[in-house]
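The values are calculated or read from the model by the stated rules, or taken from the named source; none is laboratory data. Predicted model only: the values in this text are computed from it and were never measured. Backbone-built Cβ (ideal geometry, glycine too); neighbour counts: all protein chains shown. The area values use the complete protein model at the heavy-atom level, side chains included, leaving out ligands, DNA and RNA. Shrake-Rupley method; radii C 1.70, N 1.55, O 1.52, S 1.80 Å.
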Amino acid sequence: MEDARITTDLKLSRLHVFAAIACGVALAVDMIEMAIGNAFSTVFIAAPYHMPSTQLSLLLASVYLGAVVGAPLFGWMAGRAGIRRCLAVALVWIALASFLAAATPEISWLGALRFLAGLPLGAVPPLLIAYLTRMAPPQRRGFLIFWVCGLAALAPPIALMTIRWLLPLQPLGIASWRWPLAGAGVLALAAGWFFTRLPEADSWQASANQVGDVDSTTADRLASVRHHAGRLAFVSAIYFLFPWASVGFPLLTGPILLLRGFDVRQALLYVALTTTGPTLASLVTGVFVDRLERRTTLAVCAAVMVAMVAVFAFARSPPWVGSALVVFGIAAAVYITALTMYAAEVFPAKIMTFTTSFAWSCNRGASVLVPIVLLALITPQDSLDSLLPVGIALLVSLLLVCCGPRGAAGRTLD
């Protein structure tokens with residue numbers, strides 16, 4: 001399929017659809033791997049594990065620590081070897097690490113294996129968005145990316161509900177959390193095969209003439225990175241702040257609900273609720289997102305997330321708790337998709353993969369800190385202290401977004 005003709009008009013071809021499927025499966029793998037971490041915070045803190053909070057924090061942080069190292073490394077390699085090739089390698093790597101994590105007999109090894117999985121996982125989302133940004137027709141870019149992300153968002157609730165459903169069953173004597181890890185490995189292999197059948201991102205770009213020449217030397221790339229250092233710092237700051245909400249809020253949901261008297265299976269159900277709305281929201285948003293300023297989308301989503309954190313903090317009845325989690329999940333899904341598009345659009349093509357991957361590594365770096373800081377704030381009594389960093393991070397993000405540069409919604413890239 002690499003030799004297939006690449007269309008240059010504004011319509012989506014069959015090759016576009018095939019590329020979208022490959023990206024959707026790969027993104028689903030990334031989402032499953034990260035969602036499993038949220039389940040770990042509930043499963044391993046309860047019987048029969050009763051894992052100490054310090055050990056649990058290190059386990060949850062391990063995958064993000066790997067992503068901090070891996071994201072800029074894979075991003076730089078993608079600028080030299082090509083996005084498609086790097087994605088194929090990353091997905092095979094993820095598959096092997098997931099299979100080993102699912103099969104490990106010792107929980108003590110799980111953290112090391114999650115670190116190894118995190119190395120390529122850190123690079124997958126920004127590289128996928130960079131690939132889709134280059135290959136999609138300008139006026140259909142947001143539509144295609146939101147639909148890919150929306151359909152991929154079906155995977156996390158399935159993974160979390162699988163853990164919850166298998167929790168009392170333990171089929172074949174295998175713990176419930178091991179099954180989604182093995183499933184993620186299978187999907188990663190399938191996505192890796194898809195990318196071996198696709199053209200390289202630069203081929204799309206040269207044909208569609210969407211962006212400038214990317215055939216540049218390392219010195220040219222470094223000079224361009226220095227020239228856009230201020231913009232890179234801005235995007236990195238927004239990426240750094242978001243995990244305090246996107247990772248921190250679902251992470252705290254289970255432990256806080258346990259303190260409020262919910263059992264483990266009920267808590268897992270509410271954790272899963274944070275992942276149920278993104279699919280529909282992304283599909284609907286994709287229809288009109290190219291008509292909106294990226295900053296407008298980001299600001300509205302940040303404001304909604306702040307409101308939902310406040311509702312969850314003070315609500316005690318199940319309908320209010322569930323509604324807050326669903327709406328928060330919807331806003332968070334739209335926000336991160338719009339943010340990744342925004343980040344890809346504000347940089348030149350020749351440094352897009354490195355800058356977006358570097359900024360994403362800041363996101364993963366914050367994700368290392370989030371479990372350590374927020375779980376330490378949980379007290380034996382139901383307290384709002386652990387939710388304060390979540391609200392503050394969202395408010396600062398809202399302020400930064402309002403002061404940021406424009407995106408390129410519905411327009412060709414510079």
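From the protein chains alone at 1.4 Å, what is the descending order of accessible area for TRP360, TRP320, largest first?
So the residues, ranked largest to smallest area, are TRP320, TRP360.
For ASP385 and ARG85 in the same chain, what is the full-extension length gain: residue separation times 0.36 nm, less their Cα-Cα distance, in nm? Working shown, then result.
Working: separation 300, 0.36 × 300 = 108.00 nm, distance 4.49 nm.
My answer for the length gained is 103.5 nm.
Using 1/(1 + (r/R0)^6) with R0 = 41 angstrom and r between the beta carbons of ILE392 and ARG14, what's the FRET efficiency to the nearest 0.05? Walk me through the numbers before you get to the answer.
Working: r = 47 Å, r/R0 = 1.14.
Efficiency, from the Cβ-Cβ distance: 0.30.
Take ALA237, project a point 7 Å from its Cα along the Cβ direction, then tell me which residues of the range 347-380 have their backbone nitrogen under 17 Å from it.
359-360, 362-363, 366
Points 7 angstrom from Cα along the Cβ direction at ARG197 and ILE21: gap in nanometres?
Label at ARG197, label at ILE21, 0.6 nm between them.
What is the list of residues in the range 309-323 whose amide nitrogen lies under 17 Å from a point 7 angstrom out from the Cα of LEU377, following Cα to Cβ?
Counting only backbone N, you get 309-315.
For ARG406 and SER317, calculate 0.36 nm times their separation in residues minus their Cα-Cα distance, and state this gained length in nm to one decimal.
Here the segment from ARG406 to SER317 would lengthen by 27.9 nm.
Defining a contact as two alpha carbons under 8 Å apart and six or more residues distant in sequence, what relative contact order in percent does the range 82-178 show?
Relative contact order comes out at 23 percent.
According to a simple spin-label model (label point 7 Å from Cα along Cα-to-Cβ), what is the distance in nm between ARG260 and ALA219?
The two pseudo-label positions are separated by 6.1 nm.
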